[in-house]
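Colleague: Structure incoming, see below.
The values are calculated or read from the model by the stated rules, or taken from the named source; none is laboratory data. None of these values were measured; they are calculated from a predicted model. Don't worry about glycine lacking a Cβ; one is built from the backbone with ideal geometry, like all the others, and counts go over all protein chains shown.
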Amino acid sequence: MAAAGSATIVGIDEAGRGSWLGPLVVGAVAIPADRLPEIAGAGARDSKLLSPPARAAVYARLARFADCRSVALAPATIDRAVAKGELNRLEAEAFARLVRASGAEVAYVDACDPVAERFGRTVAALAGGAVRVVARHRADRDLPIVGAASVVAKVRRDQAIARLAGRLGAPIGSGYPSDGATVAFVRGAVEPGRRPPPWLRASWATTKRVIGARPGPTLERFGA
């Protein structure tokens with residue numbers, strides 16, 4: 001709970017939008033505004049600028065004093081949104097869900113929409129309109145509270161990928177189509193021409209190229 005006179009602030013970011021397999025994870029970190037300096041003190045910054053061990057250490061420190069939450073969006077959910085051209089809307093809904101859960105008065109979010117202000121208005125409307133939403137591009141680099149959210153999203157997505165690898169019984173790499181280990185795994189695990197498995201994003205053009213999935217709207221078309 002925030003101290004008297006101190007509003008609750010939440011930062012929100014995602015990890016895995018461009019991944020080929022596994023979930024897209026939206027992470028949130030909420031804290032009373034008067035404790036914001038502790039976020040930077042924990043080493044929070046854009047998760048892409050931190051090594052995996054450093055991310056894990058920052059995440060552990062954040063979890064001791066901040067409210068850390070996340071929402072995972074499964075490949076099938078992503079595919080349905082892509083088919084309707086509503087991937088940004090899907091993300092906005094997940095962001096709004098975390099805003100509501102945090103009880104924050106102010107939310108700082110990393111915008112996936114080319115028009116950051118439009119994304120902020122959408123999140124605010126979906127969250128109920130009572131919260132002030134500040135949406136910015138590169139917010140994860142510029143604002144420690146959003147950098148902290150990026151750490152939560154990335155660490156929890158990495159954990160999800162590790163669990164998926166355990167279930168599949170094989171190394172699957174990072175999950176991105178730029179990762180040779182991921183491509184090699186998918187080529188060996190999925191028979192060409194067959195329906196993509198639930199852990200793979202069927203809406204990716206990469207899926208069509210590698211396993212001959214049916215044509216349709218692709219994730220790459222929507223700015224992943």
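Colleague: Consider the range 36-51. How many of its residues are touching a helix residue (DSSP H, G or I) at 6+ places or on another chain (Cβ under 7 Å) and either modelled with pLDDT of 95 or more or part of a helix (DSSP H, G or I) (or both)?
Modeller: Number of matching residues: 4.
Colleague: Applying the selection to the range 176-203, what residues are surrounded by 19 or more Cβ atoms within 10 Å (Cβ to Cβ) and either among the aromatic types (Phe, Trp, Tyr) or under 17 Å from residue 51 (Cα atoms) (or both)?
Modeller: Scanning the range 176-203 gives 185, 199.
Colleague: Turning to a different aspect of this structure: Would you be able to tell me the number of residues in the range 11-34 that are under 16 Å from residue 107 (Cβ atoms) and over 15 Å from the mean Cα position of the chain (by Cα)?
Modeller: Of the residues in that region, 4 qualify.
Colleague: Evaluate the following for residue 121: is it touching a strand residue (DSSP E or B) at 6+ places or on another chain (Cβ under 9 Å) and in the same structural domain as residue 78 (by TED's automatic domain parsing)?
Modeller: Judged against the criteria, residue 121 is a match.
Colleague: What number of residues in the range 125-172 are closer than 19 Å to residue 54 by Cα and not hydroxyl-bearing (Ser, Thr, Tyr)?
Modeller: Matching residues across the range 125-172 total 22.
Colleague: Whether any residue in the range 162-175 is outside the structural domain of residue 85 (by TED's automatic domain parsing), under 23 Å from residue 87 (Cα atoms) and buried (at least 22 other Cβ atoms within 10 Å of the Cβ) is what I want to check.
Modeller: Yes, there is a match, as at least one residue in the range 162-175 is outside the structural domain of residue 85 (by TED's automatic domain parsing), under 23 Å from residue 87 (Cα atoms) and buried (at least 22 other Cβ atoms within 10 Å of the Cβ).
Colleague: Identify all residues within the range 139-163 that are touching a residue at least 60 places away in the same chain (Cβ under 8 Å) and more than 14 Å from the chain's Cα centre (by Cα); write none if there are none.
Modeller: 141, 143, 144, 145
Colleague: If a residue counts only when it is under 27 Å from residue 40 (Cβ atoms), which helices (runs of 4 or more DSSP H) contained entirely in the range 64-162 have at least 3 such residues?
Modeller: The helices (runs of 4 or more DSSP H) meeting that bar are 87-102, 116-127, 139-142.
Colleague: Here's another thing I want to ask about it. Is it the case that some residue within the range 76-90 is assigned by TED's automatic domain parsing to the domain that holds residue 16, without any contact (Cβ under 8 Å) to a residue 60 or more places away in the chain and either under 23 Å from residue 6 (Cα atoms) or crowded, with 23+ Cβ neighbours inside 10 Å (or both)?
Modeller: No, the range 76-90 contains no residue that is assigned by TED's automatic domain parsing to the domain that holds residue 16, without any contact (Cβ under 8 Å) to a residue 60 or more places away in the chain and either under 23 Å from residue 6 (Cα atoms) or crowded, with 23+ Cβ neighbours inside 10 Å (or both).
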